[in-house]
Amino acid sequence: MPKESDGFVRAIARGFSVVEALGRPPGRHTLSETAAFAGLTRATARRMLATLVALKYCEADGRYFSLRPRALGLGLSYLNALPYWGYAQRALEDLRNEIGESCALAVLDETEIVYALRLPARRILSANLGIGSRLPAHLISLGRVLLAALPPDQRARYISEIEFKQVTPRTLTCPIKLGEELTRVEQQGYAWIDGELDPAICGIAVPVRDQAGHVVAAVSINTISGTVTETEAKKKFLVALKRTAQDIRTQTTANG
């Protein structure tokens, strides 16, 4: 953790680390567990917890501490600040109803994508994924769209920092091939991934742009691997997916 300075307040950083620690499963932790997860001493964690209890962001029950509903407001503050989020909910619901598959919207945070919306279809039994869930960006169609939109220097730096692992037999593990794939995604305007993170899931994604044309998010359609090829997915989903992305942009601009 950086040192205290005019540009960094360690107490705030410690407080957020405790909130994140309390958010880990199973959702209730002792002082010692919280301190260990947050990387703090017991004494520091105790002061942070006492402050959060006083502010009603968490509560104590015997030896255990857990977050209170008020903590949900921290995440909702981010979502409510996204100019497109409110309309995107309706747009994704319409898309899912039209095509009958799982739909999602995500943003890029460092090396991961974070779901801002996810509407599962019943046929996909997966997954304990919802708003706030994180996945490695380079193995998800949403992430590849967002990575492809980065300036070349940032994209190269990202690739250089990835710890490539063979998650499934189809996982892309070569930095050079990933760079080539991101270039292809940038040129064709969509990303397709089949079974690279989860062998049972494939997906296609396109960017969502703001009024100035900058990529601010990505939307995707996901289905069961083996049910469609990339060519079939393009024919079946791509027009509707791009229309949804454009609708979100248009409505955001109109209401901005």
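Every number in this text was worked out from the coordinates using simple rules, so none of it is lab data. It should be emphasised that the depicted structure is a prediction, and the values quoted were computed from it without experimental measurement. Here the Cβ positions follow ideal geometry from the backbone for every residue, glycine too, while neighbour counts run over all protein chains shown.
For region 204-214, backbone phi angles converted through the Karplus equation (6.51, -1.76, 1.60; θ = phi - 60°) give residue-by-residue couplings of 10, 9, 9, x, 10, 10, 8, 4, 7, x, 7 Hz, Gly and Pro being listed as x. Between the listed residues ALA217, THR252, ILE140, the Cα displaced farthest toward the positive end of the dipole of region 82-252, a dipole computed from Cβ unit charges relative to the Cα centre, is found at THR252. What is the magnitude of the charge dipole of the chain about its Cα centre, with +1 placed on the Cβ of each Lys and Arg, -1 on the Cβ of each Asp and Glu, and no other charges, expressed in debye to the nearest 20? With only Lys, Arg, Asp and Glu charged at Cβ, the dipole is about 640 debye. Between the amide H of ALA218 and those of ALA106, VAL208, distances stay under 5 Å, these residues lying 5 or more places away or on another chain, with hydrogens modeled in the peptide plane. With the highest mean first, a sort of the peptides 226-234, 178-186, 139-147 on other beta-carbon atoms found within 10 angstrom per residue produces 139-147, 178-186, 226-234. Only DSSP H runs of four or more residues enter the estimate; each adds -39500 (n - 2.57), and after division by the residues of the chain the mean residue ellipticity at 222 nm equals -13500 deg cm²/dmol. Highest mean first, the peptides 78-85, 217-224, 97-104, 204-211 sorted by other C-beta atoms within 10 Å per residue fall in the order 217-224, 204-211, 97-104, 78-85. Listed by chain and number, the lysines placed with their C-alpha closer than 27 angstrom to that of LYS165 are LYS177; residues fewer than eight positions away on the same chain are left out. Summing charges over neighbours of LEU147, with a neighbour being any other residue whose Cβ is under 10 Å away from its Cβ, gives 0 when K and R count +1 and D and E count -1.
Taking the Cα atoms of the chain, the ratio Rg/Rh between the radius of gyration and the Kirkwood radius comes to 1.01.
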